[in-house]
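Just below is one structure, and these are the notes that go with it.
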Amino acid sequence: MTTDDPPFAVEVEGVTKRFPGVVANDEVTFAVRRGTVHAVVGENGAGKSTLMKMLYGVQRPDEGTIRIGGEEVALHTPADAIKHGVGMVFQHFMLADNLTVLENVVLGAEKLHGIGARARAEIRRISEEYGLDVDPEALVADLGVGARQRIEILKVLYRGARTIILDEPTAVLVPQEVDELFGNLRELKREGITLLFISHKLDEVLAVADSVTVVRRGTTVATVDPREVTAHELAELMVGSELPTPETEESTVTDHVVLDIDGLTLASGSGARNVLEGITLSIHAGEVVGIAGVEGNGQAELVEVLVGMRAATSGRVLLESEDTARWDVRRIREAGVGYIPEDRHRQGLLLDAPLWENRMLGHQTQAPASRSGLLTVRAAKSDTERIVQEYDVRTPGINVTAGSLSGGNQQKLVVGREMSHAPKVLIASHPTRGVDVGAQAAIWDLVRRARREGLAVLLISADLEELIGLSDTIQVILRGRLVGEFDPESVSSQELGSAMTGAGKDAS
């Protein structure tokens, strides 16, 4: 950096953003030094997402100023942000599986370097310069999660970004992939790229960030040096309490098998290898069985079979000795299967509907939502009020839409709904994905409580600390097969990560 260069890549000063009934950001102020990794942490609903959307031109501040490279800017669209050198990599990747890396990268940016040899050469140059190891000819469908994330980073670099916003970049990565990502970030930093790192994983923030800004209830409360704080101190700044840990109490596993899966196989439908192959496991009352695996290895399809959304090709699923093969979703749910879906927006909530309507979703044939086949709105509203209180769903009222809540409060509503019907089995798919440490602690407590009360819990998670802390046993799924069983008391995250990628030895 020369003496003529401004010291900061991005400066946010007094930025305020209001929505009807809510102040999302209230005079937020911080500065990001050029060529550093600057983390922004805070609870769900603290205003991080709104702030990043303003930096990327998706929304505009009502008050305050944003400066990029020392210049005050008005960002009306993401195209404006890109013109000023700001790019964003979202938590949910925006890639077309049926296209090559080159086709994904140049899509929408054909004017920069064409779509042929020049574009290919530029992708290779960026990949080599920043250590991204991306082959422009590879089909995205054949690539793992870590490689897909590198493509997203390459896409914004290809468009000229010098500041990159990374939204929860490690949410779907195994430990080895996290290490690779952090290596990429350090290389980007060495080349002068500035990185805004949004995360709930405070240990990772402390490992990779050069500075950390904490946002609470819409305003900045501190910017700290990660070398001078602990994860517990950061959590205290965020939520006013210590960082929770997902530790279980003594074993509550009984001899009673609630869910018995035997030889479950699911064909792909395209003639390729089976999506699921010979899945066999049992879950007892009072037991949490964890499933670890890189996304796309059959976890989602396993859940869909168990809740009746897909029919298995062969094998059996017994719910307390009853074969559910010919049961539809409604009968399975009414028989006592609770379901926390991995994507609450697509599968768990109607975002434009009020909370009390979402309370009935999936349980509209059961009390309190229904009596004698008729909907009972008053009872549903009353029970929604109970869930809001019991599960600490922070909301102005039950008539607001689900989409107006923060991610953590949406998740607590879903969990409360599923637990309110006294399920025999709880299928929890990524129950704490994208939630803050406060909501995460609440959901961990609910899983522990379910276990104590004798529920059989199937826990699918990309958070290996969560799996190790909450499970009584852990199964690893790879390419649709269960390839190893591990004892949470003795296994490490690194060993699980190796098994998940096929690099480790199967467990005994």
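The values are calculated or read from the model by the stated rules, or taken from the named source; none is laboratory data. Given the structure is predicted, the values throughout are model-derived calculations rather than measurements. We place every Cβ from the backbone using ideal geometry, glycine too, and count neighbours over all the protein chains shown.
Of the residues screened, Ala46 is one that is surrounded by 15 or more Cβ atoms within 10 Å (Cβ to Cβ), of a type in the set (Gly, Ala, Ser) and assigned by TED's automatic domain parsing to the domain that holds Ser199. Glu228 - would you say it is modelled with pLDDT under 90 and not small (Gly, Ala, Ser)? Taking the combined requirement at face value, the residue does not satisfy it. For segment 99-115, a residue qualifies if it is closer than 18 Å to Val140 by Cα and exposed (fewer than 13 other Cβ atoms within 10 Å of the Cβ), and exactly one does: Gly108.
Gly278 meets the conditions (1) modelled with pLDDT of 90 or more; (2) crowded, with 16+ Cβ neighbours inside 10 Å; (3) not charged (D, E, K, R) in every case but one. The failed one is (2). Pairs linking a residue in segment 433-462 that is closer than 18 Å to Leu173 by Cα to a residue that is crowded, with 20+ Cβ neighbours inside 10 Å and at pLDDT below 85, with Cβ atoms under 6 Å and 6 or more positions apart or on different chains, are Val435/Asn44; Val435/Gly408; Asp436/Glu43; Asp436/Asn44; Asp436/His200; Asp436/Gly408; Ala462/Val172.
Under the condition of being free of Cβ contacts under 8 Å to residues at least 24 places away in the same chain and surrounded by fewer than 13 Cβ atoms within 10 Å (Cβ to Cβ), the residues counted in segment 378-396 number 2.
Does Arg216 fit the bill of being among the charged types (D, E, K, R), in contact with a helix residue (DSSP H, G or I) (Cβ under 7 Å, 6 or more places away or on another chain) and over 30 Å from Ala121 (Cβ atoms)? Full working, then the answer.
Values: among the charged types (D, E, K, R): yes; in contact with a helix residue (DSSP H, G or I) (Cβ under 7 Å, 6 or more places away or on another chain): yes; over 30 Å from Ala121 (Cβ atoms): yes.
So Arg216 fits the description; yes.
Among the residues of segment 379-405, just one is basic (Lys, Arg) and farther than 12 Å from Arg359 by Cα, namely Arg394.
Return the residues of segment 438-470 that are in a loop (DSSP other than H, G, I, E, B), more than 26 Å from Gln91 (Cα to Cα) and of a type outside the set (A, V, I, L, M); say none if nothing qualifies. If you could, list the steps in order and put the result at the bottom.
Going through segment 438-470, the residues in a loop (DSSP other than H, G, I, E, B) turn out to be 453-455, 461-463.
Still in the running and more than 26 Å from Gln91 (Cα to Cα): 453-455.
Glu453, Gly454 - these are the residues of segment 438-470 that are in a loop (DSSP other than H, G, I, E, B), more than 26 Å from Gln91 (Cα to Cα) and of a type outside the set (A, V, I, L, M).
Which condition does His38 not pass, out of (1) part of a strand (DSSP E or B); (2) within 30 Å of Gly116 (Cβ to Cβ), if it passes all the others? Every condition holds for His38 apart from (2).
Sort out which residues of segment 129-167 are surrounded by fewer than 14 Cβ atoms within 10 Å (Cβ to Cβ) and modelled with pLDDT under 90, and write them in order of number. Answer for segment 129-167, where residues must be surrounded by fewer than 14 Cβ atoms within 10 Å (Cβ to Cβ) and modelled with pLDDT under 90: Glu129, Asp133, Ala141, Asp142.
Can Gln494 be described as in contact (Cβ under 8 Å) with a residue 60 or more places away in the chain, outside any loop (DSSP other than H, G, I, E, B), under 30 Å from Glu233 (Cβ atoms) and more than 16 Å from the chain's Cα centre (by Cα)?
Numbers: in contact (Cβ under 8 Å) with a residue 60 or more places away in the chain: yes; outside any loop (DSSP other than H, G, I, E, B): yes; under 30 Å from Glu233 (Cβ atoms): yes; more than 16 Å from the chain's Cα centre (by Cα): yes.
Taking the combined requirement at face value, the residue satisfies it.
When the criteria are applied in full, Ile153 fails the requirement of being more than 22 Å from Pro7 (Cα to Cα), among the hydrophobic types (A, V, I, L, M, F, W, C) and more than 24 Å from the chain's Cα centre (by Cα).
Tell me whether segment 329-350 contains one or more residues that are surrounded by 19 or more Cβ atoms within 10 Å (Cβ to Cβ), among the hydroxyl-bearing types (Ser, Thr, Tyr) and touching a residue at least 40 places away in the same chain (Cβ under 8 Å). Yes. For segment 419-437, a tally of residues being surrounded by 24 or more Cβ atoms within 10 Å (Cβ to Cβ) and in a helix (DSSP H, G or I) returns 1. So in segment 136-191, with the set limited to residues that are charged (D, E, K, R), in contact (Cβ under 8 Å) with a residue 60 or more places away in the chain and in contact with a Phe, Trp or Tyr (Cβ under 8 Å, 6 or more places away or on another chain), which one is farthest from Gly296 (Cα to Cα)? My answer is Glu191.
Return the only residue of Gly373, Gly397, Gly348 being closer than 28 Å to Glu301 by Cβ, in the same structural domain as Gln410 (by TED's automatic domain parsing) and not hydroxyl-bearing (Ser, Thr, Tyr). On inspection, the qualifying residue turns out to be Gly348. Restricting attention to segment 351-376, the residues being assigned to a loop (DSSP other than H, G, I, E, B) and either surrounded by fewer than 15 Cβ atoms within 10 Å (Cβ to Cβ) or in contact with a helix residue (DSSP H, G or I) (Cβ under 8 Å, 6 or more places away or on another chain) (or both) number 14.
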